[in-house]
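Worksheet: the structure to be examined is printed underneath.
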Amino acid sequence: MKVEFGNMGILEHGKDNKPLSLKVLQFLLLFLGLGIALSILSMCMLRFAEIKNVLPVVQSRINPCFQQQNSLENWIRPLSNLHHSMNDAELFWRASFVPQMKNLPFKRTPKIAFLFLTRGSLPLAPLWERFFKGNEERYSIYIHNLPSYKPDFPSSSVFYGRQIPSQVAEWGEISITDAERRLLANALLDISNERFIILSESCIPLHNFSVIYRYISESKYSFVNVFDDPRSVGRGRYNWKMSPVVKITQWRKGSQWFEVNRKLAVDIVSDEVYYPKFKRFCKPPCYVDEHYFPTMLHIQSPHLLTNTSLTWVDWHRGGAHPATFGKADVTDKFLKQLSEGQRTCVYNNQTTSYCLLFARKFSPSALDPLLKLSYKYLGF
């Protein structure tokens, strides 16, 4: 029994006396495991805290984008970049939107849109720069030129970045009418544009900006040259296949250089009745730009038209195109006659001598004398 007891005691004594180093190792392993677990937990908590801090920043950056898209400012602010990817059908559809409420929920200054239909450069740009100076809140500019033309206006110019997506436009063809509708449609995207004037690169203003702005803005009517020409170059161009949509008694002739208010501009770009007829049946010697706008507007809104143009041209030299004036033509006498010539017309149902606001055609060589004499005779 002692031996067994002793053996058992010996066994028990050996169990209780494991080497000290083994116990220390176990303790260190346990401590290391706890340390690793705490480190992982700490990292997770820090990462969670970072996400919570970053999330409000991300939301604050995202929310303005959505708020901007849904804000009134997004609808009324003019486009800073006129380049877009819309085709004509999409553009005309977008431009035909018309608010039904007359009272505006925001303040604005009505603007005149100056629409330049050109082939390339604007050689008289320095004169126009002088004309526009100081009136930035009351006008906007849009330029339609050949797609191949690359403008080189400096960033300080009022014409910089004002080119719209354009297509080739040929005189006398439907493409020239498309170009004018394209100009109107792009200008309609700015809700502040109330009046729209079509100009060429050879046009000049005959008065200072304030006079022209007040004259156009306060007019009850739009200035579109419309008349019934019984000659072969008038009614003689009518195609009977246009009837009954366009009757010969409704056929009109006029100038493509016109001014319209916003309502008529919308009517032009949204027209799906008369435009197809002119596109199909008005071909040379029927010139669309001389007949489409006068006829269509005469049929739809004759009560809104003056039937006169604001742009002076000289047809006395004969030919298919009006006279062009160069450096030698621009004299004191010539400009005085243009700006102060004795004419009479009807403005807002009252007789007036202020009838013409613009003139054409002026060649690039006319620029220097125009700049020299503009303050004396044109008022700017």
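The values are calculated or read from the model by the stated rules, or taken from the named source; none is laboratory data. Small disclaimer: the values here were computed from a predicted structure and weren't measured. With ideal geometry, Cβ positions are generated from the backbone for all residues, glycine too; neighbour counts draw on all protein chains shown. Please note that ligands, DNA and RNA were not included when accessible areas were found on the heavy atoms of the full protein model with its side chains. Shrake-Rupley method; radii C 1.70, N 1.55, O 1.52, S 1.80 Å.
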> Could you say whether any residue in the stretch 305-312 is open to solvent by 30 Å² or more (accessible area, probe 1.4 Å), in contact with a helix residue (DSSP H, G or I) (Cβ under 8 Å, 6 or more places away or on another chain), part of a strand (DSSP E or B) and farther than 15 Å from TYR215 by Cα?
Replying inline: yes
> Are any of the residues in the stretch 230-238 more than 24 Å from the chain's Cα centre (by Cα), crowded, with 19+ Cβ neighbours inside 10 Å and either at pLDDT 95 or above or within 23 Å of TRP312 (Cα to Cα) (or both)?
Replying inline: yes
>> Here are the criteria: (1) open to solvent by less than 30 Å² (accessible area, probe 1.4 Å); (2) over 24 Å from LEU356 (Cα atoms); (3) of a type in the set (Val, Ile, Thr). Tell me which single one ILE204 does not satisfy.
In response: (2)
> Do we have LEU122 as outside any helix (DSSP H, G or I), touching a residue at least 60 places away in the same chain (Cβ under 8 Å) and either of a type in the set (Asp, Glu) or buried (at least 18 other Cβ atoms within 10 Å of the Cβ) (or both) here?
Replying inline: yes
> Name the residues in the stretch 248-265 that are assigned to a helix (DSSP H, G or I) and either in contact with a Cys (Cβ under 7 Å, 6 or more places away or on another chain) or in contact (Cβ under 8 Å) with a residue 12 or more places away in the chain (or both), would you?
Replying inline: ILE248, GLN250, ARG262, LYS263, LEU264, ALA265
>> Considering only residues that are aromatic (Phe, Trp, Tyr) and buried (at least 18 other Cβ atoms within 10 Å of the Cβ), which ones fall in the stretch 344-373?
In response: TYR347, PHE358, PHE362
> So, in the stretch 91-145, of the ones that are touching a Phe, Trp or Tyr at 6+ places or on another chain (Cβ under 7 Å) and farther than 23 Å from SER222 by Cβ, which residue ends up modelled with the lowest pLDDT?
Replying inline: GLY120
> Out of the stretch 184-205, which residues are in contact with a Phe, Trp or Tyr (Cβ under 6 Å, 6 or more places away or on another chain), assigned to a loop (DSSP other than H, G, I, E, B) and not polar (S, T, N, Q)?
Replying inline: CYS203
> In the list LYS283, LYS376, which residue meets the criterion of being open to solvent by 40 Å² or more (accessible area, probe 1.4 Å), outside any helix (DSSP H, G or I) and not polar (S, T, N, Q)?
Replying inline: LYS283
> Out of curiosity, is ARG181 assigned to a helix (DSSP H, G or I) and modelled with pLDDT of 95 or more?
Replying inline: yes
> SER339: open to solvent by less than 60 Å² (accessible area, probe 1.4 Å) and either farther than 30 Å from ILE174 by Cβ or of a type in the set (Ser, Thr, Tyr) (or both), yes or no?
Replying inline: yes
> In the stretch 252-267, which residues are closer than 15 Å to SER309 by Cβ and of a type in the set (Lys, Arg)?
Replying inline: ARG252, LYS253
>> Considering only residues that are more than 13 Å from the chain's Cα centre (by Cα) and among the hydrophobic types (A, V, I, L, M, F, W, C), which ones fall in the stretch 177-222?
In response: ALA179, ILE197, ILE198, LEU199, CYS203, ILE204, LEU206, PHE209, VAL211, ILE212, ILE216
